[in-house]
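The values are calculated or read from the model by the stated rules, or taken from the named source; none is laboratory data. Computed from a prediction, not measured in an experiment: that's the story for all the values here. Note that each Cβ is placed from the backbone with ideal geometry, even for glycine, and that neighbours are counted across all protein chains shown.
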Amino acid sequence: MIGVTVLSKVMTRGEEDGYRWVVVIAAFFTQFIVCGITYSVGVFQIVFRTNFNHDDFDTSWIGSILLYTTALTSIVLRVFMAKFGCRISVMTGGVVAAIGMGLGMFVTELFHLYLTFGVLVGIGFGLACTPSIMAVEQYFHKQRIQALGVVLGGVGLGIVTFPILIKHLLSMFSWRGTMWILSAVCLNLCVCGALMTPKDKRKEIHLLPLLSCLPLKNIIFHGMCIANLFWSFGSTVIYMYIPAYAIDSGSDFETTTFLISCVGLSSFVSRMIFAFMGHNSTLDDMTSLLCSVGLGVVVTGICPMLFEDYAGQVGYCILFGFYTGYWTTFLGQATRELLGPECIALGNGYLSFMIALGSIMGGPSAGLLVKEEGEFKYAFYLAGSALLWSSIIMLLFKYQSCGLDSLVNNNLNEQKQPLVNGYGEEHKDSKSLLGGEPILV
């Protein structure tokens, strides 16, 4: 993993430049397209299962490979991103994703989709997603949190929009025509990338060692990685099988696509609530119990009852979306506090790898379970249990009463902020260790 640090004197120059908001809009639409298509895997799961006459286990590999490749590419190709910059990386990602999506319309066998819709589109999305965040951080210093909040709003809006859009495209152009149109949509990533003009070509860049083990010296971070693996596993299963479970429960295809949109809308609202409530709102005891363990228990325990009718299915999706919005907000803040801002790029690299691992395992494992048991409820019990365990693990490592502070490496402890105690006051001094604000590449 590679962390890139730009000197503070470069970061603050041109802080009032109005063009920086153009970069924010470009990054917003990058996240909108990438996450909108990626998290519509549940819709494609039904389409591919129907058109290729394969079971859920075989077709689940398509979405799992897409999620896995997207997350893994954001780690493996960070050298490319660091060398050529955000603009070239996002534009290249748009071209690769468009080629993969376009070739998807010519496939005749299911394994062809593994290579086109899975690998090629995943590589393109991985090249575009992370640099769009990096471009915004290059332009912002004082208002970085607000700018990134706007950008990440594209994630929720994309999840709301694309399932409905794909449903209408399928009804008018069939699945092959839909792939062709989505290929054209992916080309818009090139437009977004073109707007991400480098802020200052004279910036000084420091690369931390590839595959640095520095974050792993923090034992609490090990718990975060394990929790992230469980979270990725469970959320992948739910995103992939919500439409299929709803159809199996008696709903029709047209209405089930709206369920993914409910997840996106609820997740967007949750992100905004906790982002604007401030850092401490996602770390206090009551919020952690209610939003992680509380919702995890509900999502795990009563999913079969909720899926008996369409209103219950919508309720389940709202609960799950609110949970995912809280988790991503909590995880980002906890990572910064555990490792310190200087090592957050390295930490996010390890977390991205755990996301990739959970994604490739989740879909096929649930598909195999559905194949053997013949009911989707067991797959959702598995997913809910994984989400619940992720929350419990995070809470156990969160509280200092677990006694793990004494096991944390002393050298790394000097560079991090405590997980529970105040974050904001000491943060401004910690950036001096490497000379400036970190950029995720």
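Residues in region 142-175 that are of a type in the set (Lys, Arg), modelled with pLDDT under 90 and in a helix (DSSP H, G or I): how many? Lay out the reasoning, then the answer.
Of region 142-175, the ones of a type in the set (Lys, Arg) are 142, 144, 167.
Checking the rest, the ones that are also modelled with pLDDT under 90 come to 142, 144.
Of the ones still in play, those that are also in a helix (DSSP H, G or I) are 144.
Residues flagged as of a type in the set (Lys, Arg), modelled with pLDDT under 90 and in a helix (DSSP H, G or I) within region 142-175 amount to 1.
When only residues in region 119-135 that are modelled with pLDDT of 90 or more, more than 13 Å from LEU189 (Cα to Cα) and among the hydrophobic types (A, V, I, L, M, F, W, C) count, which is surrounded by the fewest Cβ atoms within 10 Å (Cβ to Cβ)?
Initial filter on region 119-135 (modelled with pLDDT of 90 or more): 119-128.
Narrowing further to those that are more than 13 Å from LEU189 (Cα to Cα): 119-120, 122-123.
The next check asks that each one be among the hydrophobic types (A, V, I, L, M, F, W, C); those that pass are 119-120, 123.
Values: VAL119: 18, LEU120: 21, ILE123: 22.
Filtering region 119-135 for residues that are modelled with pLDDT of 90 or more, more than 13 Å from LEU189 (Cα to Cα) and among the hydrophobic types (A, V, I, L, M, F, W, C), the one surrounded by the fewest Cβ atoms within 10 Å (Cβ to Cβ) comes out as VAL119.
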Going through region 223-252 in order, the residues found to be more than 16 Å from the chain's Cα centre (by Cα), crowded, with 19+ Cβ neighbours inside 10 Å and hydrophobic (A, V, I, L, M, F, W, C) are ILE242, ALA244, ALA246
All positions within region 294-321 that are among the hydrophobic types (A, V, I, L, M, F, W, C), buried (at least 23 other Cβ atoms within 10 Å of the Cβ) and out of contact with any Phe, Trp or Tyr (no Cβ under 7 Å at 6 or more places or on another chain)
CYS317, PHE320
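If you go through region 43-73, how many residues are under 16 Å from the mean Cα position of the chain (by Cα) and farther than 20 Å from ASN188 by Cβ? Quick ask: steps written out before the conclusion?
Kept after step one, since they are under 16 Å from the mean Cα position of the chain (by Cα), are these residues of region 43-73: 63-73.
Subset that is farther than 20 Å from ASN188 by Cβ: 63-65, 67-69, 71-72.
Summing the residues that are under 16 Å from the mean Cα position of the chain (by Cα) and farther than 20 Å from ASN188 by Cβ in region 43-73 gives 8.
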